[in-house]
Amino acid sequence: MAEQAAQPAAMGEEAPERAMAHDIVRRGMIGGPVLVGVCAGVWGFDGLWSSGYALGLILINFWLAASLITWSLRISPTMLMAGVMGGYFIRLGILTGAYFLVRNTGWFEALPFVITLVAAHIVLLVWETRYVSMSLAYPGLKPQGATQ
Amino acid sequence: MLALISTILAQLTGDGEAGLSAIGAGLGYGLAAIGPGVGIGIVVGNAITAMARQPESAGVARTTMFLGIAFTEALALIGFVVFILLLP
């Protein structure tokens with residue numbers, strides 16, 4: 001039973017978390033520039049680069065989280081737990097490392113960076129949750145062309 | 001212990017306030033990462049149980065699990081933000 005659970009619900013279909021991550025990244029590409037533009041308006045070019053950097057990190061974070069889940073679920077449910085918990089610490093480490101990498105550079109501004117980091121993460125998630133809530137069927141995303 | 005560390009940092013940096021601030025930032029980040037870690041463990045554990053009990057609903061369980069993980073991780077991100085803002 002556990003082995004069945006480890007398999008994708010439908011072979012050949014994209015894993016649900018990968019589909020959601022693609023959707024989140026696509027929405028981030030569409031809505032993210034608005035946030036980056038606001039930061040650029042307030043903090044100038046430093047805000048633009050810092051905000052864009054944070055947005056990129058958040059999108060990579062989502063993609064990496066989904067990829068780790070898909071990869072570990074192919075192996076076993078036990079590996080899923082290890083992959084998600086290990087991935088959590090790895091992703092936090094990547095975020096921290098990415099911050100220390102640019103911390104002392106001339107273009108880095110902390111405030112637009114942290115505002116974009118939190119705002120983009122939460123807004124993209126809430127945006128995605130709206131569509132997931134609308135259709136509970138697998139793969140969890142609203143079907144293309146559906147009105148409700 | 002904290003007083004000892006802050007004294008050592010103050011002697012090393014020559015700035016006691018900066019040392020304490022660095023300790024506070026590190027402690028805050030570490031403590032803020034514990035809660036989401038526990039939360040993610042609970043989310044994934046329950047998702048695995050759901051997938052084992054009903055393999056046909058694995059897709060829904062995975063969708064909900066991914067959202068749960070991402071929402072829980074937002075708390076760790078807030079801890080990271082506090083860390084950045086506190087770091088001297």
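For the reader, a short list of remarks on this structure follows.
- The single residue among A:Leu68, A:Leu117 that is in contact (Cβ under 8 Å) with a residue 60 or more places away in the chain, in a helix (DSSP H, G or I) and aliphatic (A, V, I, L, M) turns out to be A:Leu117.
- Check on B:Gly35, within 11 Å of chain A (Cβ to nearest Cβ), part of a helix (DSSP H, G or I) and either at pLDDT 90 or above or open to solvent by less than 30 Å² (accessible area, probe 1.4 Å) (or both): no
- Among the conditions (1) surrounded by fewer than 16 Cβ atoms within 10 Å (Cβ to Cβ); (2) closer than 18 Å to A:Glu17 by Cα, the only one that B:Ile69 does not satisfy is (1).
- Number of the exception - B:Ile5 against (1) within 20 Å of the chain's Cα centre (by Cα); (2) modelled with pLDDT under 90: (1)
- Residue in the range A:68-85 that is closer than 16 Å to B:Ala70 by Cβ and among the charged types (D, E, K, R) present: no
- Of the criteria (1) surrounded by fewer than 19 Cβ atoms within 10 Å (Cβ to Cβ); (2) at the interface with chain A (Cβ under 7 Å from one of its Cβ atoms), which one B:Phe80 fails: (1)
The values are calculated or read from the model by the stated rules, or taken from the named source; none is laboratory data. Note that this is a predicted model, so its numbers are computed, not measured. Note that each Cβ is placed from the backbone with ideal geometry, even for glycine, and that neighbours are counted across all protein chains shown. Each accessible area value is taken on the protein alone, full model and side chains, heavy atoms only, with ligands, DNA and RNA left out. Shrake-Rupley method; radii C 1.70, N 1.55, O 1.52, S 1.80 Å.
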